[in-house]
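The values are calculated or read from the model by the stated rules, or taken from the named source; none is laboratory data. Quick caveat, the model's predicted, so the values are computed rather than measured. Cβ atoms come from the backbone with ideal geometry, glycine included; neighbour counts cover every protein chain shown. Just so you know, the surface numbers come from the protein's heavy atoms only, side chains and all, with ligands and any DNA or RNA stripped out. Shrake-Rupley method; radii C 1.70, N 1.55, O 1.52, S 1.80 Å.
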Amino acid sequence: MGRHPKNAFGVDWSGMNRQARALLDSIGSDISERALVGELSVGQMQMVEIAKAISFKANIIIMDEPTSALTEKEVNNLFAIIERLKAEGVAIVYISHRLDEILRIGDRITVLRDGRYIGTYPASGTTKDQLINLMVGRDLTEQYPRIRVEPGRVLLEVKNLSRGKEVREASFTARAGEIVGFYGLMGSGRTELMRAVFGADPYDHGEIIIDGDRIGIRSCSDAKKRGVALLTEDRKNQGLILDFSVSDNIALANLKAFMTPLGLNHRKEQAECEKLSRSMAVKTPSMRQRVKNLSGGNQQKVVIAKWLNTDSKIIIFDEPTRGIDVGAKVEIYKIMNRLKQEGKAIIMFSSEMPEALGVSDRLYVMYNGRITACFDDVPSLTQDQVAQYVTGVETMFAEGALA
């Protein structure tokens, strides 16, 4: 943008497309150079941003959470590009909460906490546990806190749900008092399945059964009325209104609870939102603070509080810890555990295998639009056992047969 190649007739569109294609090829991306960005996934948008940054031929490139929505292949391509740029004398400032990546590609690591500079350390000789301690200011004894709750009745059952080639004959269940995880790489169909269940996108055929009732969810309003909540992977664009206050965002999903014949009862709204904010431990100077000024972890807590205001019984978390630090991640996991204890069914979609294994009570694996495996005994699983089902295996299964 702003650097279009020109010819005698104005913009050289074919030349611009050739340049864009070459840049995308250089980072191993198969995105069409003619595709509309608004129709791309979050991960594909990230690749376009990376290609744009490289196109400037800058001496210093700042990458802020560049891999938060990328597949493993795309991450490896990006790291190869970073090594190439370093060899060419380019300085890279790489900002990330993914400590394995920092240790893998960093030369020096600077730690910040609550807006303050903590220190700079050589990557060689620094351990992940040391970084976690510096980031949160204390020893983090349990990265994935897990509690045992006896699952109750089936609150959600999905049978043979399909949506074009994105979701194919997907069947799964979620019970009261359990966290059901879904793991798959970008493009596996995880987000598309979630959006279909919530009514955000239409599905071709299949059944959605909520608390024993066969219903047709055709809109987000239908899902909400039946007690289904959705925390989207893109909280800033789809989960929050950034220029609204904390209390306005929390109240947004259930404004009718605060309505009177004379209009909105602001006192009741404020009291309930403050209560929910405290229960989520949202760190904000005021309930009138614009939510765009909060950290990623606190923004995520506001989204959770918003849906708890609707008394939802089935809560879908899509990439719940994307872009937040390790301390805030543990707080989110503890909130999920608390909701599990309250008898809610939690569904978590994640592209991070350690998170999927560390948090889930049961785990489904997706590849190419299909559910390829279901594991009941998650604590005993290894990453190698799961990995084989996300790299091309498309075998349908009887639920629990692979446990």
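Summary table below
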quantity: Candidate set from segment 176-202 (those that are crowded, with 20+ Cβ neighbours inside 10 Å and of a type in the set (D, E, K, R)); member that is nearest to Lys344 (Cα to Cα); calculated: Glu178
quantity: Residues located in segment 174-213, provided they are within 20 Å of Arg153 (Cα to Cα) and not hydrophobic (A, V, I, L, M, F, W, C); calculated: Arg175, Gly177, Glu178, Gly181, Glu207, Asp211, Gly212, Asp213
quantity: Flag if Ala123 is under 22 Å from the mean Cα position of the chain (by Cα) and either modelled with pLDDT under 85 or surrounded by 14 or more Cβ atoms within 10 Å (Cβ to Cβ) (or both); calculated: no
quantity: Residue list for segment 1-45, restricted to those being among the aliphatic types (A, V, I, L, M) and open to solvent by 80 Å² or more (accessible area, probe 1.4 Å); calculated: Met1, Ala8, Leu36
quantity: Tally of residues being open to solvent by 30 Å² or more (accessible area, probe 1.4 Å) and under 21 Å from the mean Cα position of the chain (by Cα) across segment 375-390; calculated: 3
quantity: Scope segment 159-175; condition open to solvent by 10 Å² or more (accessible area, probe 1.4 Å), touching a residue at least 60 places away in the same chain (Cβ under 8 Å) and either touching a Pro at 6+ places or on another chain (Cβ under 9 Å) or of a type in the set (Gly, Ala, Ser) (or both); matching residues; calculated: Ser171, Arg175
quantity: Filtered residues of segment 203-241 (kept if surrounded by 18 or more Cβ atoms within 10 Å (Cβ to Cβ), among the hydrophobic types (A, V, I, L, M, F, W, C) and assigned to a helix (DSSP H, G or I)); calculated: Ala223
quantity: Segment 76-100, residues that are closer than 20 Å to Val326 by Cβ, open to solvent by less than 70 Å² (accessible area, probe 1.4 Å) and modelled with pLDDT under 90; calculated: Ser96, His97, Arg98, Leu99
quantity: Scan of segment 76-88 for residues that are in contact with a helix residue (DSSP H, G or I) (Cβ under 6 Å, 6 or more places away or on another chain) and in contact (Cβ under 8 Å) with a residue 40 or more places away in the chain, ordered by number; calculated: none
quantity: Extreme residue, farthest from Ile346 (Cα to Cα), among residues of segment 243-273 that are among the aliphatic types (A, V, I, L, M) and open to solvent by 50 Å² or more (accessible area, probe 1.4 Å); calculated: Leu262
quantity: Enumeration of residues in segment 307-354 that are charged (D, E, K, R), surrounded by fewer than 22 Cβ atoms within 10 Å (Cβ to Cβ) and under 18 Å from the mean Cα position of the chain (by Cα); calculated: Arg322, Asp325, Glu331, Lys334, Glu352
quantity: Failed item in (1) at pLDDT below 85; (2) loosely packed, with under 13 Cβ neighbours inside 10 Å; (3) in contact with a helix residue (DSSP H, G or I) (Cβ under 8 Å, 6 or more places away or on another chain), with Lys73 passing the rest; calculated: (3)
quantity: Near pairs, Cβ below 8 angstrom, 6+ apart or cross-chain, from segment 23-45 (charged (D, E, K, R)) to any residue that is open to solvent by 50 Å² or more (accessible area, probe 1.4 Å); calculated: Glu33/Arg21
quantity: Residue within segment 85-108 that is touching a Ser or Thr at 6+ places or on another chain (Cβ under 8 Å), in a strand (DSSP E or B) and more than 30 Å from His205 (Cβ to Cβ) present; calculated: yes
quantity: Wholly enclosed strands (runs of 3 or more DSSP E) of segment 300-403 bearing at least 3 residues touching a Leu at 6+ places or on another chain (Cβ under 7 Å), among the β-branched types (Val, Ile, Thr) and modelled with pLDDT of 85 or more; calculated: 314-318
